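Heads up, the thing below is written out as structure tokens.
Read-outs throughout are calculated quantities, based only on the coordinates presented, and are distinct from any laboratory measurement. Remember, predicted model here, so these are calculated numbers, not experimental data. Positions of Cβ are generated from backbone atoms using ideal geometry, with glycine treated the same way; all protein chains shown enter the neighbour counts.
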Amino acid sequence: MNISIIVGGRFHAFDLAKQLNKNNYLSQLITSYPKYYIKKKYGIDNSRIKSIFLKEIVQRSFLNKIYNFEDKLIEYFDVKAEKMIDFENLDILIGWSSFSLKSFITAQKKKCIKILERGSTHIEFQNDIVNEEYLLHNLNPRPISNYVIQKEKKEYEIADYITVPTEFARKTFLSKGFSKEKIIKIPYGVNLEEFNSSNKKKDTKFRIIYTGAVSIRKGTLYLLQAFDELNLKNSELLIIGNIDKEIQNLIKKFKKNKNIIFNRAIKQSELSKYYSISDVFITCSIEEGLSMVQLQAMSCGLPVICTSNSGGDEIIHDGKDGYILPIRNLKELKQKIKFLYDNQSICKEMGKTAQIKVKKYFSWESYGKNVISVYQNLLNK
């Protein structure tokens, strides 16, 4: 089984590539990240990696912030990737959405199976629900570019199969008329070695943690409002992530609360120590395929409060190792926070249950076995 991967970024593609490489199935990994990074962290030999690093350099530059080259960078990567792929003897081509159209068009002439990786919901659903959220907060919507929407829809059509991480994401495709056979659900994993800290608290504060972008899409305003209104004694809300410009004004009032701590985004390798001094992880995402920080927190022994739109229903047993709430439900969010605050022994037990579950079912090794089994079944059809 020869498998190649196209990804214009990182996502979970390198974890997938690592698992395929361990089993001698990886033919090529075409990415915008440098070879030395992938070889050092994921153990993949340079001979299997094709790097289109210019895309990453320009994307992170100040010029991109001024002129917004995103659409052009996606097109540039797509064109370059198609020329780099060795289609000879290729069984499966896995392409990340937005970055794989030209490669898929060429692959149509070959015998290989085309699998599109879509880490979120159907792009039209994503665009609609997030823009709806902007309007609810009296902000101008930030629609996904029409170029990207139309390109992804073509990729959806050409792909033989589309893989998504949760049933929530899968249903958004089914509602658009896609067949059940075409949309395959494969939940992600977590690095158990990197996220393995047990509780190391040296104080008695009840600490809530959220890691990720502070944005409209992530629903961070609901968490900030809930914590601020509860005004719990000896408690703290730790927010780790960069703040989107459009909500800077909306969070000014929360910065006045001395029990809300804002930290900039940090390296993945440093997150574990912050999970280890916390009691519960909360995310209020409006739309997401599967928020992987949930798995990280659970792996470190924290229960998770999340929304049904975060993909949490794929990994959380409601009431056992966390709680799953409807989006935008401030009242129920406050109730769950207050319950865990009042019942901290239950909170700790839920965290232990979460940790056991993740270690048993959600390692990247388990993910690798699942995904390889899916690929083998598709080839045998």
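A few remarks follow.
- Length-normalised contact order of the stretch 206-361 in % [C-alpha pairs under 8 Å, at least 6 apart]: 24
- This model, with +1 at the C-beta of Lys and Arg and -1 at the C-beta of Asp and Glu, gives the stretch 206-361 a dipole about its Cα centre of some 480 debye.
- Straight-distance crosslink candidates among aspartates and glutamates, where the alpha carbon sits under 18 Å from Lys233 and sequence neighbours closer than 8 are dropped: Asp203, Asp279, Asp342
- With Rh defined as the Kirkwood radius, the inverse of the mean 1/r over Cα pairs, the Rg/Rh of the chain is 0.97.
- When the C-alpha to C-alpha distance is required to be over 18 Å, the pairs from Lys200/Lys338; Lys18/Lys40; Lys18/Lys182; Lys218/Lys258; Lys202/Lys256 that qualify are Lys200/Lys338; Lys18/Lys182; Lys218/Lys258; Lys202/Lys256.
- Proximal aspartates and glutamates relative to Lys359, as straight alpha-carbon distance under 13 Å, when same-chain residues fewer than 8 apart are discounted: Glu193, Glu194
- For the chain, a Gaussian network of Cα nodes joined below 10 Å ranks Lys357, Lys39, Lys185 by mean-square fluctuation, and the top entry is Lys39.
- Selected from Asn127, Asn257, Asn309 as most flexible by GNM, with the chain as the system and alpha-carbon contacts under 10 Å: Asn257
- Ordering Ser285, Ser51 by the number of other Cβ atoms within 10 Å of each residue's own Cβ, fewest first, gives Ser51, Ser285.
- Taking a straight Cα-Cα cut-off under 14 Å and skipping sequence neighbours fewer than 8 places away in the same chain, the aspartates and glutamates within cross-link reach of Lys255 are Asp228, Glu229, Glu236.
- Cα centroid separation, the stretch 328-349 to the stretch 189-230 (Å): 13
- Estimated purely from DSSP H runs of n ≥ 4, each contributing -39500 (n - 2.57), the mean residue ellipticity at 222 nm for the chain is -13000 deg cm²/dmol once divided by its residues.
- The GNM of the chain, with springs linking C-alpha atoms under 10 angstrom apart, assigns the highest mean-square fluctuation among Lys218, Lys252, Lys114 to Lys252.
- Measuring r between the beta carbons of Lys41 and Lys334 and using R0 = 41 Å, the FRET efficiency lands at 0.55.
- Average 1/r across all pairs of distinct alpha carbons in the stretch 206-361, invert it, and you get the Kirkwood radius: 15.2 Å.
- Spin-label zone in the stretch 298-319 - amide nitrogen under 17 Å from a point set 7 Å from the Cα of Lys171 along the C-beta vector: 306-318
- With a threshold of 25 Å on the Cα-Cα distance, the over-threshold entries among Lys39/Lys110; Lys114/Lys153; Lys35/Lys111; Lys22/Lys185; Lys83/Lys111 are Lys39/Lys110; Lys35/Lys111.
- Residues Asp71 and Asn140, FRET efficiency given R0 of 25 Å [Cβ-Cβ distance, rounded to 0.05]: 0.80
- Were the residues from Glu157 through Asp128 laid out at 0.36 nm apart, the gain over their Cα-Cα distance would be 8.4 nm.
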